[in-house]
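See structure below.
The values are calculated or read from the model by the stated rules, or taken from the named source; none is laboratory data. Everything quoted here is computed from the prediction, not taken from an experiment. Because the Cβ atoms are built from the backbone with ideal geometry, glycine has one as well, and the counts that use them run over all protein chains shown.
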Amino acid sequence: MSFPLLTATAALPAVGAIATAAVPAARRTAAKWLALVVSLATLVLAVVVLVRFDPDGARYQLTESHPWIADFGVRYDLGVDGIAAVLIALTALLIPFIVLAGWHDADPLETGSKRWRPTQGFFALILAVEAMVIISFESTDVFLFYIFFEAMLIPMYFLIGGFGDRAHEHGEEAASTQRSYAAVKFLLYNLVGGLIMLAAVIGLYVVAGNFSLTEIAQARANGSLHMATSTERWLFLGFFFAFAVKAPLWPLHTWLPNAMQESTAPVAVLITAVVDKVGTFAMLRYCLQLFPEASKWATPVILVLAVIGIIYGALLAVGQRDIKRLVAYASISHFGFIILGIFAMTSQGQSGATLYMVNHGISTAALMLVAGFLISRRGSRLIADYGGVQKVAPVLAGTFLIGGLATLSLPGLAPFVSEFLVLVGTFTRYPAIGIVATFGIVLAALYTLVLYQRTMTGPVKPEVSAMPDLRARELVVVAPLIVLLIFLGVYPKPVTDIVNPAVKQTMSDVHKTDPKPEAEAAK
Amino acid sequence: MSPQLAAYTTSTGEAFQFWVLGTVAVIGALSTVFMKKAVHSALSLAGTMIILAVFYLANGAYFLGIVQIVVYTGAIMMLFLFVVMLVGVTAADSLKETIKGQRWLALLCGVGFGVLLLAGIANASLKQFNGTGQANANGNVQGLAALIFTKYVFAFEITGALLITAAVGAMVLTHRERTERPKTQRELAEQRVREGKHVPPLPAPGVYARHNAVDVAGLLPDGTPSELTVSKTLRDRGQVRDVSTEALNDLRALEQRAEERLERTPVEPAHRKQSEEASK
Amino acid sequence: MNAENLIALLIAAPLLGAAVLLLGGRRLDGVGHWIGTLLSTASFVFGVILFADLLGRNAEHRTLTQHLWTWISVGSFQADVTFRLDQLSMTFVLLITGVGSLIHVYSIGYMEHDERRRRFFGYLNLFLAAMLLLVLADNYLLLYVGWEGVGLASYLLIGFWQHKPSAATAAKKAFLVNRVGDMGLSIAIMLMFTTFGTFAFGPVFSHVGDASEGKLTAIGLMLLLAACGKSAQVPLQSWLGDAMEGPTPVSALIHAATMVTAGVYLIVRSGDVFNAAPDAQLVVTVVGAVTLLFGAIVGCAKDDIKKALAGSTMSQIGYMVLAAGLGPIGYVFAIMHLVTHGFFKAGLFLGAGSVMHGMNDEVDMRKYGGLRKYMPVTFITFGLGYLAIIGFPGLSGFFSKDKIIEAAFAKGGTEGWILGACALLGAAITAFYMTRVMLMTFFGEERWRNQPTRSPQAPSAEPAAEHHGEHAEPHPHESPKVMTIPMIVLAVGSVFGGAFFSIGDRFLHWLEPVTGHSEGDSPLSAATVTGATMVCLVIGVGIAYVQYGRRPVPAVAPRGSLLTRAARRDLLQDDFNHVVLVRGGEHLTRSLVYVDHTLVDGVVNGTAAGFGGLSGRLRKLQNGYARSYAVSMFGGAALLVAATLLMRAV
Amino acid sequence: MNPVYYLYLAALLFTIGATGVLIRRNAIVVFMCIELMLNACNLAFVVFSRMHGNLDGQIIAFFTMVVAAAEVVVGLAIIVSLFRTRHSASVDDASLMKL
């Protein structure tokens, strides 16, 4: 049997997490370096996966299959399609930057503060999240996926609740209470979603008799497994609800702003750029494959919710006073785009959505991490506390601007490609919704530029006058992301080539084809 | 007993016996529940059990009847009585309910349950009785023995094991392991001196009192009862009888007479204070 | 070597410049401006080479395409990075790189004292690259990239002096208004994709016949929306005035010569679509006519020289859009006016910049006066530009504008008359306000004497101000050579450009293969129109002279008539935006934030609280008394008995 | 007379015992009530055995007795140790589960 590449990719960070946690407290720096090395090694493995993956080959590749709980037909089935491969690469790519950006976020607080911050724990938890996310991308067994989909919450909970920003306008106590509130909110939302999904998973088992995604999908395709319409719809809703909470889809979004606001910037990136992607990914892989009819049945409602999310998130982002909250609401708007693309049921829409997941990950990481550096300098998250930073720290301001431009999906940067694909994909089938969604790009420009204007331009505030510019470590974090943004914006072909076949498959799962252009239809 | 006892319908004799003793049994049961003092409950329960023994006999369960008398009324009830002694014979606990609504709920459940049970028995079609005639043909005890040692032998063995376990358990529960060497007289004396209270031995009960009984607190010179004089157990049970009031009256009279005779005011005995706090 | 391969170099050169200058860091501060200028000139040289190459070919084969790589390809959605160089884009390439290079040179002098000059040149190069991408793109999506690229460059350059809140705000406003237009463009592209299955120029134009007119009209209107945003046409014109916050070379290059004309390019480029959608065309002409009057009126009222010129830009572009809306009759003249306008308006702005440079960055014309003695070169170049724009016979403006007016009449029918009348009126007003600018700046008594000037926006870091120092009485002086030479060149262009183009219809023949051309049936003879134009011209100049030449200009603006005051406030358009959009938006967002917190979040928290209370009550049942547990147990037993009985009863 | 009346008696005794368990606080008395319930059951078993004419019912009753004996031994031991620790035999005092 060949080398279990996928298992290795997931296991490496898991082992790394344990090792990092085991580092004695005195050797804090060693733990950091260990975490960084492990994450980089994982990146290498992920790249190998990407290379070994043959876009024109079978749907699921590098598969591994072992029986696990024989009595319930639960198997340890791994396999990646194009979408999963790309997203694994994204995850593995972002984690090193997150680790590097959070280098000092978990250092013990200056004396006098009561909070104890286990540095090793911080990095170990990040690696644990990485492992779980990767394996939930890889798994082709519904039960296996479910387990890690849920288990992810535990390390995230501690990351959110345990490590917040150093400074807080209302002091350490208020900070910790708000942190725990955010963490519990995050946990409850996702647990509720997960439990409903568990019911659906069991229901699926009752109907299908096993948990294997490939088998069930195949049986659905060739009609050997027939579901009653109502059954299919209920199961679909069960799955979709969990993913919609995770994604998050309006109106299930309110946990995200709190979580992102209270956690440190790297963790916020971890939430929105990595963990939430599992939700959208799962919509694409599970909802559409397992319940094609129900998906089509639910499409109108979902599309409307997604569009509401786009506009709503953007409008709220405009109204925020807190930088991180603003980014959070922007992300909500972007997730609206992703979901829109998935359920537009066109190849442009779905490829665009997948691409969007990648690009949003990178762009949000860039913007949020720079924002984190900014906040760590001034010790405040309030936009009003900044002004004129551009004059003091031009590089920081420049990177911040580029991150912002990526967020408003400026052509030439990666997000533009995906956003336009999603819009086109939606427009070809639902013109009205497409047009409404297009308003999102104006609002995106509004909140981004307002943020930039208020923080970076104008007369220099005395508090920021001594602000240092980006340090080497921070530059190392941001520069590659920006390069990647530009590269994928100019030449997204490498990604699309991997994604397109998988999307074609999904399209055939739901028995949908792109609508023909009017001119050709006329002929 | 005559086989007709076990016949389909019972003799008037048995009926008479049933009605009389049954009534007594019920009364006994009720008093078991409602008697204030545990001793009385125990006794009335014993009575009920004896009556039940009689009923067993009447139903042709001769062995059980005897066993009932020997084991229950003989052994178990005595055990009960011992415990009652330990806890305090005269201790009467109030029947006043402390948990809100408990009593009403209890009665409701009881009545409802009883009614249901009776109804169940009533509409169960229990018309035909074989009687234990041929079952007891060659002796009730032999019959039981045959069953016990063949059909129910495993259950029997297990109950044996159960009994032994119970005995051991009882010992474990009640036995208190002595963790340190018992103090010698000398050590105790030294400790007393070191602590500086009751250097002399504790005062005897009943002193200055009419009743020379162990449950009467000795009175201090000023007539107030001294806790120290009564044994701890009695104190815990609240069984200390207080005679201080009349004793005080007598004392006052006595003092008057004393003053009349030699003109001086009585001095407070010095050791009283300290003995007071010692009792605390 | 093969000419196609040069096309990419056109863009590559300034792009490289931008990259080098923006990433280069401080060590390039010394040479940054030279690198920038060099690379933009290189791009111009490539342009000239290509131009020669095109001239070498015969008219049919003057379209070169260069395919670089496939950009996006998903299903039937194919977007390539392909460049298309034909006569139309060639014209723009020359205009952009030419004027661009000149303005680079000019900026060397103008930005001399700005410590961030390197970055300024980086932005300028970035703009050139984006603008060239815009005009060279072979499909609408690639054009869209350039389209937003120039938007970004304009954002960066308008807000170049970011420490000025006014500048930052103006930049943001410009970008946002443009974004609205971009929305139109993207919707147009989507419509094309759904209609034709592609958005590359060639296929779209060849399949126009297959599409329904409704769709085409929709596409046309969306394209027009985009054009309005970029070219500051009504109703999206409000940003152009504020954009004057940027350094003057920027105003000259971006907000006069090149970027703002992109809308015209878009319309002319999409000519085939518009030709098939007459309704859309009509709307285009209306927008053009309205804007040309709007801009002209605003231009009359402004005392800020740059804002006055901005108004005139608006109005001139109105002319172009009007012409472009006329269809084949007007395309060529739209472009021609665009080019000549590029020359003289850039010249005018540079002149204005030079005046400000000499006047402590004073922009209020009421504080100028009699400057001709002090800055003769500026005076002459500015004057030539002035004559050109008002359409003085023989100068470039004369030819191009005259042609447009003719074409307007030639549209025929009532709208022909109306449009023509608007164009004529516009010509008169143009003459008026330009004369006003001229007189207030270079003639009359010297109002800047014995009154310290302090520029309204207090541009503390604006280059000249720093070494002149505030509050000192200005001593006007001629600008250095590096600034005057570009002005002279542009002046030459604005003098002879028109004649060169229109004598023998050179320009017409050059562009016709791309845009097509048709002579409309003009109700009036060309001579009549020219005559009428001349009359309007004279009237305008006359009134202006009476108002500002004869009697002295008050140093503080008089209250003025209602119209004047409205015009000073951009005809209240900004106030409208502020009240309706800004205020409304603020209220909307605030209420939404509230809703999100109370309603959406409240529902969840409410549920949580409800469960908490419920469990709090249930908890009381666990009172810890064995007996009460026993009661429930006993009750349960009773229920079981009851159940069994019921079962047997049933 | 019909021996079924024995069953009625048994039911009655059982109910009384149960109620006693519920309303008495003194652990010893509660225990007695339990014994009463057990005895009631025994009576029922005996009557059943008479009813069916075989001795199985009596056997069960016998086992019940044994179990009862064991239970009493352990239970009383518990009560004693309870009394030792908290100087009262009231079941309500042993309410550490109370929140």
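Just a few scattered comments:
- Residue match in the stretch A:498-511 (condition: more than 9 Å from chain C (Cβ to nearest Cβ) and outside any helix (DSSP H, G or I)): yes
- In the stretch B:26-57, residue nearest to D:LEU22 (Cα to Cα) [restricted to those that are in contact with a strand residue (DSSP E or B) (Cβ under 7 Å, 6 or more places away or on another chain) and more than 9 Å from every other protein chain (Cβ to nearest Cβ)]: B:LYS36
- Filter result for C:LEU141 (within 11 Å of chain A (Cβ to nearest Cβ) and touching a residue at least 60 places away in the same chain (Cβ under 8 Å)): yes
- Residue within the stretch C:331-352 that is touching a residue at least 60 places away in the same chain (Cβ under 8 Å) and not in a helix (DSSP H, G or I) present: no
- Residue in the stretch B:60-67 that is surrounded by fewer than 24 Cβ atoms within 10 Å (Cβ to Cβ) and in contact (Cβ under 8 Å) with a residue 40 or more places away in the chain present: yes
- Just one of the numbered conditions (1) surrounded by 24 or more Cβ atoms within 10 Å (Cβ to Cβ); (2) free of Cβ contacts under 8 Å to residues at least 12 places away in the same chain; (3) of a type in the set (S, T, N, Q) is not true of A:SER230: (1).
- Whichever residue in the stretch A:467-478 is in contact (Cβ under 8 Å) with a residue 40 or more places away in the chain and hydrophobic (A, V, I, L, M, F, W, C) and, among such residues, is farthest from the other protein chains (Cβ to nearest Cβ): A:VAL477
- The helices (runs of 4 or more DSSP H) located wholly in the stretch C:155-271 that include 2 or more residues which are under 11 Å from the mean Cα position of the chain (by Cα) and at the interface with another protein chain (Cβ under 10 Å from one of its Cβ atoms) occupy C:165-196.
Every residue, every condition in (1) within 14 Å of chain D (Cβ to nearest Cβ); (2) not in a helix (DSSP H, G or I), yes or no:
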{"residue": "C:ILE543", "(1), (2)": "no, no"}
{"residue": "C:ALA557", "(1), (2)": "no, yes"}
{"residue": "C:LEU572", "(1), (2)": "no, no"}
{"residue": "C:ASN577", "(1), (2)": "no, no"}
{"residue": "C:GLY585", "(1), (2)": "no, no"}
{"residue": "C:ASP596", "(1), (2)": "no, no"}
{"residue": "C:GLY610", "(1), (2)": "no, no"}
{"residue": "C:LEU614", "(1), (2)": "no, no"}
{"residue": "C:VAL631", "(1), (2)": "yes, no"}
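- Checking A:ALA25, A:ALA30 one by one, the residue that is free of Cβ contacts under 8 Å to residues at least 12 places away in the same chain and among the small types (Gly, Ala, Ser) is A:ALA30 and no other.
- Flag if C:VAL641 is at pLDDT 75 or above, in a helix (DSSP H, G or I) and farther than 30 Å from B:GLU97 by Cα: no
- Residue among D:ALA40, D:ALA68, D:ALA94, D:ALA89 that is among the small types (Gly, Ala, Ser), more than 18 Å from B:THR32 (Cβ to Cβ) and either touching a helix residue (DSSP H, G or I) at 6+ places or on another chain (Cβ under 8 Å) or within 14 Å of chain C (Cβ to nearest Cβ) (or both): D:ALA94
- Qualifying positions in the stretch B:152-193 - in a loop (DSSP other than H, G, I, E, B), at the interface with chain D (Cβ under 10 Å from one of its Cβ atoms) and either modelled with pLDDT of 90 or more or over 28 Å from B:ILE76 (Cβ atoms) (or both): B:TYR152
- Here the condition is being of a type outside the set (Gly, Ala, Ser), within 11 Å of chain C (Cβ to nearest Cβ), over 17 Å from A:ALA314 (Cα atoms) and in a helix (DSSP H, G or I); of A:LEU401, A:LEU374, A:LEU369, it holds for A:LEU401 alone.
- Filter result for D:LEU36 (within 24 Å of B:VAL39 (Cα to Cα), without any contact (Cβ under 8 Å) to a residue 40 or more places away in the chain and crowded, with 24+ Cβ neighbours inside 10 Å): yes
- Failed item in (1) of a type in the set (Phe, Trp, Tyr); (2) farther than 30 Å from C:GLY635 by Cβ; (3) modelled with pLDDT of 85 or more, with B:PHE129 passing the rest: (3)
- Subset tally (residues that are among the hydrophobic types (A, V, I, L, M, F, W, C) and within 14 Å of the chain's Cα centre (by Cα)) for the stretch D:21-61: 18
- Taken as a whole, the structure leaves A:VAL392 outside the set of residues that are at the interface with chain C (Cβ under 9 Å from one of its Cβ atoms) and in contact (Cβ under 8 Å) with a residue 12 or more places away in the chain.
- For the stretch A:191-217, a residue qualifies if it is of a type in the set (Ser, Thr, Tyr) and surrounded by fewer than 19 Cβ atoms within 10 Å (Cβ to Cβ), and the qualifying residues are A:TYR205, A:THR214.
- Filter result (outside any helix (DSSP H, G or I) and either in contact (Cβ under 8 Å) with a residue 40 or more places away in the chain or more than 10 Å from every other protein chain (Cβ to nearest Cβ) (or both)) within the stretch C:616-629: C:LEU621
- Of all residues making up the stretch D:7-51, the number that are touching a Gly at 6+ places or on another chain (Cβ under 7 Å), more than 23 Å from B:VAL83 (Cβ to Cβ) and among the β-branched types (Val, Ile, Thr): 2
- Which numbered condition D:TYR6 misses (of (1) at the interface with chain B (Cβ under 7 Å from one of its Cβ atoms); (2) within 13 Å of the chain's Cα centre (by Cα)): (2)
- Residues satisfying the criterion are absent from the stretch A:419-435 (criterion: surrounded by fewer than 24 Cβ atoms within 10 Å (Cβ to Cβ), on the phi < 0 side of the Ramachandran plot, among the basic types (Lys, Arg) and without any contact (Cβ under 8 Å) to a residue 40 or more places away in the chain).
- Within the stretch C:56-111, tally of residues that are within 22 Å of the chain's Cα centre (by Cα) and in a loop (DSSP other than H, G, I, E, B): 0
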